[in-house]
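Undergrad: Have a look at this one before I ask anything.
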Amino acid sequence: MKYYPICLDISNRRCAVIGGGDVAERKVTRLLEYEANVVVVGKTLTRKLEALKNKGEIDHIASDYRKEYVKNASLVIGATDSDNVNERIYRDARKRGILVNIADDPARCDFILPSLFQQGDLQIAISTGGMSPALAKRLREKMEENYGPEYKTFLEIMGAVREKVIARGHPHEENKRLFESLINSDILQYIRENDWKMIRNTILDLVGEDVDIAESDS
């Protein structure tokens, strides 16, 4: 199975998670991180899911699974301990053209969830095509060793610079060379050293003007 890598905007979209156990809890937690409107279907919930429900952060349908519970969803995740129920979830979602993931069952997945490493807006997703989540986790841990919080700060700086540069209306190739020169500069090292004077001087030298950037400790 080959999966097409894609990043989805699920903010304010209805996402249904069928099941209320530990696996469902992990799926719900990640969906909420990306501002999805989450509905959980299941007679019982973990303590954390119950707390999320009480705070109004998720909707809860205290019932066994029924096909109408997925009909308005943008994506569906099946996380029950019943193979028969998971098969029904998969078939019902596919009939409606809804993206579906059945936990720990790649054959019943339109998409899989990679092992994810983040530093601010920097996201590095690692997938083994469902063959070895343990290896994906190990590789993510290696990434954590190599990409520290300075990358979060660097990306924030690059975002501010990009906004300023694009607004000047110069040709694409010229902007591309400028961005590459910034990436190949010593800014990352200056961030590690918390040397904001050198960060600003480097940007001024390469961009040709001051860029409003907020200082932060990486």
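The values are calculated or read from the model by the stated rules, or taken from the named source; none is laboratory data. Owing to the predicted nature of the structure, the values given are computational and were not obtained by experimental measurement. Here the Cβ positions follow ideal geometry from the backbone for every residue, glycine too, while neighbour counts run over all protein chains shown.
Undergrad: Which number in (1) within 19 Å of N37 (Cα to Cα); (2) at pLDDT 95 or above marks the one condition that N72 misses?
TA: Evaluating N72 over (1) within 19 Å of N37 (Cα to Cα); (2) at pLDDT 95 or above leaves (2) as the failure.
Undergrad: Just checking, does segment 95-108 include any residue being over 20 Å from Y3 (Cα atoms) and buried (at least 19 other Cβ atoms within 10 Å of the Cβ)?
TA: no
Undergrad: A further question follows. Scan segment 136-151 and give yes if some residue there is surrounded by 13 or more Cβ atoms within 10 Å (Cβ to Cβ), at pLDDT 90 or above and farther than 25 Å from I6 by Cα, otherwise no.
TA: Yes, because at least one residue in segment 136-151 is surrounded by 13 or more Cβ atoms within 10 Å (Cβ to Cβ), at pLDDT 90 or above and farther than 25 Å from I6 by Cα.
One line per residue, one yes/no per condition, for (1) within 23 Å of L8 (Cα to Cα); (2) within 27 Å of the chain's Cα centre (by Cα); (3) assigned by TED's automatic domain parsing to the domain that holds T29:
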site	(1), (2), (3)
G120	yes, yes, no
G129	yes, yes, no
A167	no, no, no
T202	no, no, no
A214	no, yes, no
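Undergrad: Being closer than 16 Å to L99 by Cα, not in a helix (DSSP H, G or I) and not charged (D, E, K, R) is the filter here, so list the residues in segment 13-32 that pass it.
TA: C15, A16, V17, I18 - these are the residues of segment 13-32 that are closer than 16 Å to L99 by Cα, not in a helix (DSSP H, G or I) and not charged (D, E, K, R).
Yes/no matrix, rows are residues, columns are (1) closer than 23 Å to R91 by Cα; (2) surrounded by 18 or more Cβ atoms within 10 Å (Cβ to Cβ):
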position: A16; (1), (2): yes, yes
position: G19; (1), (2): yes, yes
position: E35; (1), (2): no, no
position: V41; (1), (2): yes, yes
position: I61; (1), (2): yes, no
position: Y65; (1), (2): yes, yes
position: I77; (1), (2): yes, yes
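Undergrad: Is it the case that some residue within segment 179-202 is touching a Leu at 6+ places or on another chain (Cβ under 7 Å) and farther than 24 Å from P149 by Cα?
TA: Taking every residue of segment 179-202 in turn, none turns out to be touching a Leu at 6+ places or on another chain (Cβ under 7 Å) and farther than 24 Å from P149 by Cα.
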